[in-house]
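Below is one structure, written out as structure tokens; comments come after it.
What follows is calculated from the coordinates using simple rules that are stated; it is not laboratory data. Note that this is a predicted model, so its numbers are computed, not measured. With ideal geometry, Cβ positions are generated from the backbone for all residues, glycine too; neighbour counts draw on all protein chains shown.
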Amino acid sequence: MSDAEQSELTPEEQHQAANHRGKMPLLAKIFGVLAVGATTAVLIGSIYAVFDQENKPLNGLNPQGPKAQTIQNLVLPVFVVAGIVMVIVCAAVLFISWKFRRRTDEDPHSMGVQTEGNMPLELTWTAIPALILFAIAIGTIITSLELEPKVGPETLEVRVIGQQWWWSYEYDLDQDGNFDDLVTANELVVPTGRDVNLRITSNDVIHSYWIPELNGKKDAVPGQINDWALRADEVGTYLGTCTEFCGLSHANMRMLVRSVSPDDFDAWVEGQQREAVEPAEGSLAAEGKKVFEAQLCSSCHLIRGVNEAKVEDPEKGVDAQLVSGNAPDLTHFASRGTFAGAIYNSRYPNPDGNDQPYGATCTAEDTDACGEPLDNATPGNPDNPFYAPNVENWLRDPVAMKPMAPLQTENPYADGRVRGMPNLGLSEDQIDQLVAYLETLR
Amino acid sequence: MAVADAPLALPSGAPSHDGKVLGVFTRAQRTTGWRSWITGVDHKKVGIMYGAAAIFFLLIGGFEALLIRMQLWAPRQQLLSADVYNQVYTMHGTTMVFLVVMPIGAAFANYLLPLQIGARDVAFPRLNAFSFWCFLFGGIFLNTSWLLGGGADGGWFMYAPNNGVLYSPSHGIDFWVLGLIITGIASMVSSVNLIVTVLNMRAPGMSMMKMPIFTWMTLVTQFLLLFALPVITVALFLLMFSRIFGAAFFNIDDGANPLLWQHLFWIFGHPEVYLMILPSFGLISEILPVFSRKPIFGYSFIVFSGVAIAFMGFGVWAHHMFVSGLGPTSVLVFSLTTMFIAVPTGVKILNWTATMWGGRLRFDTPLLFSIGLITMFTIGGLSGVSHSIAPADTQQTDTYYIVAHFHYVLFGGAFFGFMGGFYYYWPKVFGYMLSEKMGKWNFWVLFLGFNLTFGPMHIIGLQGMSRRYYTYDPNFGFDIWNKIATIGAFTIALSVILFIVNIALSYKRSKSLPPVGADPWDARTLEWITPNPTPEWNFDPIPTVTRVDDFWYQKYEETADGGLVKVRDAKDIVQDSDGVGVHLPSPSYWPIVLAFGLPIVAYGLIFSWWLCLLGGAIIVTAMFGWAFEPPDDPEAAHGHGHDEAGHDDHGSAADVDALEQEVAPVG
């Protein structure tokens, strides 16, 4: 095996030579440094972005309630440890790559010490991660048990029902076990400082309820009730989005939690329990009421005092127009700031985002002081002026505003029922009348 | 050749020696030209076809990914409707999992596994071809849904009851169910085939603990498939009966529990994750020692951590269901099992790092991709630990944080490993090397694009952007990160184009160069003892193995001081037989015919019962044809020459025996 005898290159070496000809590898090296640099920049930018809490209507790392805080306390140290491990591993790999690279002047056939393993080392690096994980496991067990919902005498119980593609809330205020005291949609109103137990279920497919600033998520599974605890200690508005894929308009299914002072809560409850306001005789709103009754609206929506619930078997909803058997209760439509699964503002939002306290910040005379109503990431405030154009557009063509499946005539399994609101073909006059009526439903 | 007269384990059904059984059922003959690919049963041809088909599907799945990223470029984009977006992301996930990552793993397994263990083919060559055609037809069938009313729209996880006809009346999910049943048959058949191959057909001297690590990881993968696939098949049949025959398995009104689907899906779905990543782990365990010029560090630890991952992989499925209301005890149990699966995974990472330590690292493209895998998979693994913590997972699950995590694992892990494997094994398979220059560009552009795409998803995910959203509003603070991700996705696309251009240009360049030679990388394992590209007969004679990295230690011998000294040149070790006298399994028409019947039945289930009859007739005919196929066409000179006709009457089911006869005289 005398290498000297091999005057000409082997085929392998010719291929290698062809591969390494030219200056491209140097450019690629520069590009590589840039790629690593860009990756690191994105990494550092992300760390900054993650801890920057400004202007984030949704934020999983900004706990505003005890449950979310408990989760945060557990996960932040883990992020730190994971970050350290990542830096160590990446740095080690980079260091090894640099230190043990084959030098250009080196014999290509040279090689290092032929180690095949090292038992103590193996055991050490099996044990160290196991120990770290063991510590994390203990924290996980403690935290998990702490997060379990506990229902006490003071707990406010609310049944939360996911449906394609909005949420309804049924309150049990007198604690008789029946969730028949108050019904509302999209916006959950809770008193501050009080434990709330959500009994989450679904009327159709699986959804997931998530208010990141108050607690993690919990699936809404049809035929099953999942308990989930919430508590907001500060007055505020907390946004959430559906997080289990639930069909066509999964992206258009939000929920809001408005936490208000106990007094405001009592006032709100009193208002919600009343039947709908009767519009003045001869007014535009009175015309709107007639439209509501005459058109298909009343076959899915309920306005207490105006029509009866059509659902005869709430378990199956077979007699309703909807697959879920239910559409948002409109009795107090105007007491809410958003509609259509909380994705559109029916009222002006607060100008400085949704962390503003619940309460008027702008007036009908001075809407310049209000937020931008088309900024749907900032929920409308029920005390701000009504913003009609969104509602009008909705009545004109709901499917254009939010993808839904209202035409299921070809689907024999749908049994004539629809998913979402169809275009009712209303005239402009009817729309004006309906909007006028809806605006009175405080 | 005493074995020839022994009773056959699997009678071929061929009763006579004249090969004229039932007239029409003659044997395919061609071993060259396009017909050799259609009828070929050679594991190398099957492997190449697996790879080519997977890259074709990669382009489809990649195009779907680009559509997703274009839609999310800016808030309230109108490029795709909600309906189309749901179809596109569903098909992106399904395609990438079932038609790209799994088949690329199968491509490497098919091509390399017999070579690494010193066999001439897999145990059941016709079944092997059948697996491929099933996969290809299943994949094409799945994608024809785009032309026949739209793709599936329920997400690749296809949760009940949203997967029912009430909620998804189009045929998309029917295509999805039936397509996955067909590709499932492919994987199931293939897993049995490869397990039998590894257990029975290793070269003399190759005990289990002398097998290359890629072979080990592939073996583990096949066991994962063997036990996981039946579960998803059950789920798919329940869904098929629900959708097509009106069964009520997932009908809530009739008292069904929709979590049944989730359990079935994830009992399959989580082992699935490991069976996608383990082949890549195997590949870089081959690449790292070669380019470090050192043995793998902790061979047995790498092997057994792979086995441990597989075992533990069956006990973690419910971590996909932490928020579905399982109850605190179940959640905690699965939380802890999930955490501790990080231990064997970490062991692998550290062993690879230790393999590089003290080596002489040759920074060719395969090594770059391997290092990419180690670092990127580490990031994916660490984010994985963060959501094994059940309370934290309630904040993270179903957000883009999860999307980031599993792309770091499956793209940064599995796919980087495959790319390294492509560059490393290209000369083995095609006889020319891919350009290093373009390879380095390929790597760095992919590395940059990958991190730009999936890095920002950690942020928007933690912030609160849910997965599977076709749109988002401005003012959530998602815009900038989505823009970066979209730019990254196109950077990835550029890198994939670079790879394809590299293949073409390198092929062109190779014509002005001599054949690549047998050992372009100074490699270690048995597959390199055969010339490049591998001759049809693989080995002649079958080698005898004395230790791990047998080829390497034929080139280098240990000195007294623990160093190595070169004793032989590769070209003196590499076999250069002409293969005369090697008996090879004959080609066959029937695998492709049998596989072709399956999608016809599937179309029939969707559109018309008559098609079912037609498909059924094809299947039955093919089964008879298969069973009555004569062992060999007596007129044809197949492979590279016969030895005495005497042992031809084994039939191809007995090709094992034929192969083992070749082993015997060597051993």
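The table below lists the values:
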| read-out | value |
| --- | --- |
| Test item: B:152-162 mean partner chain Cβ contacts at 10 Å | 4 |
| Ordering of A:120-129, B:419-428, B:228-237 by burial proxy (mean other Cβ atoms within 10 Å per residue, highest first) | B:419-428, B:228-237, A:120-129 |
| Relative contact order, percent, chain B [alpha-carbon distance under 8 Å, six or more residues apart] | 22 percent |
| Partner chain coverage, peptide B:267-279 - average Cβ within 10 angstrom | 0 |
| Most fluctuating residue given options A:Ala294, A:Ala92, A:Ala137, as computed from a GNM of chain A linking Cα atoms under 10 Å | A:Ala92 |
| Label zone at B:Thr544 (point 7 Å along Cα-to-Cβ), backbone N below 11 Å, the range B:164-205 | B:204-205 |
| Part-to-part distance (alpha-carbon centres) for the range B:74-141 and the range B:441-503, which is given in Å | 23 Å |
| In sequence order, calculated HN-Hα J values of the range B:423-432 (Karplus, 6.51, -1.76, 1.60; Hz; x Gly/Pro) | 5, 6, 8, 4, x, 4, 8, 10, x, 9 |
| Mean Cα-pair separation over length for chain A, i.e. relative contact order, pairs under 8 Å, 6 or more apart, % | 13 percent |
| Unmatched cysteines, chain A - criterion: no other Cβ of a Cys under 4.7 angstrom | A:Cys90, A:Cys242, A:Cys246, A:Cys297, A:Cys300 |
| Simple label model, 7 Å out from Cα along Cβ direction - A:Glu372 to B:Tyr507, nm | 5.2 nm |
| Peptide A:102-114, shielding by other chains (average Cβ, 10 Å cutoff) | 5 |
| Cβ-defined net charge surrounding B:Ala82, 10 Å radius [Lys, Arg +1; Asp, Glu -1] | -1 |
| For chain A, calculated [θ]222 nm from helices alone, where every DSSP H run of n ≥ 4 adds -39500 (n - 2.57) | -11500 deg cm²/dmol |
| C-alpha center-to-center spacing [the range A:252-298, the range A:156-182] in angstrom | 17 Å |
| Packing-based ranking, highest mean first, of A:183-189, B:472-478 given that Cβ atoms within 10 Å are counted | A:183-189, B:472-478 |
| Choice from A:Gln175, A:Gln114, A:Gln163 showing the highest fluctuation, given a GNM over chain A with Cα pairs closer than 10 Å | A:Gln114 |
| Net charge contributed by nearby residues that have their C-beta within less than 11 Å of B:Arg467 (K/R +1, D/E -1) | -1 |
| Antiparallel DSSP beta bridges within chain A, percent to nearest 5 | 70 percent |
| Simple Cβ-charge dipole of the protein assembly as shown, Lys/Arg +1 and Asp/Glu -1, about Cα centre, in debye nearest 20 | 3080 debye |
| Taking the range A:156-273 and dividing mean pair separation by its residue count, relative contact order in percent (alpha carbons under 8 Å, at least six apart) | 28 percent |
| Cα centroid of the range B:598-627 to Cα centroid of the range B:155-223, whole Å | 23 Å |
| Antiparallel bridge percentage (DSSP; both residues within the protein assembly as shown; nearest 5) | 70 percent |
| Cβ charges +1 (Lys, Arg) and -1 (Asp, Glu), total dipole of chain B, debye | 1860 debye |
| Relative packing of B:99-111, B:185-197, which averages over residues the other C-beta atoms within 10 Å, highest first | B:99-111, B:185-197 |
